[in-house]
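Structure first, commentary second.
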Amino acid sequence: MNSSLKLHEEGALEEEIERILDQHLIKYPDDVEAWVRLSVLVFESPIGDFEKSINCLRKAVEVKPDYLEALLILMRMQNYIYREIEEDLYKLLHKKSKRKSQITFFKRNVKEKKKPG
């Protein structure tokens, strides 16, 4: 069996890429592309670390608040994991997106903020 295929099957390849991205982001914490790549990597199997994935996307948005790709992926992941989307995130995406229909689809899962009572 090809050694790289074996690494992939055992999850070692993904873990090595995760380690490299983690080190890169320590040195370059403003690299939004790396935050998004790490988020997608750890979201999928065999790693499946949803919390880290969401946190990586939040960091990308913190660095670049108008980064539409990160915002959209974050919304989709929130919808997948929690079956709900933060109201502020939905409103921001709806405002920034040129394809409103892609965003409006998720409106039913928006978790509205509780109003102080």
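Nothing in this text is a laboratory measurement; each read-out follows from the coordinates by a stated rule. Not measured: the values here are computed from a predicted model. Every residue, glycine among them, receives a Cβ derived from its backbone with ideal geometry; neighbour counts consider all protein chains shown.
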How many residues are in a helix (DSSP H, G or I) and closer than 19 Å to residue 91 by Cβ when one looks only at region 51-78?
17
How do the pairs read when you match residues in region 40-55 that are of a type in the set (S, T, N, Q) with residues anywhere that are surrounded by fewer than 16 Cβ atoms within 10 Å (Cβ to Cβ) and not in a loop (DSSP other than H, G, I, E, B), using Cβ under 8 Å and keeping only pairs 6 or more apart or on different chains?
53/40
Which of the residues belonging to region 51-75 are surrounded by 15 or more Cβ atoms within 10 Å (Cβ to Cβ), more than 8 Å from the chain's Cα centre (by Cα) and closer than 22 Å to residue 13 by Cα?
52
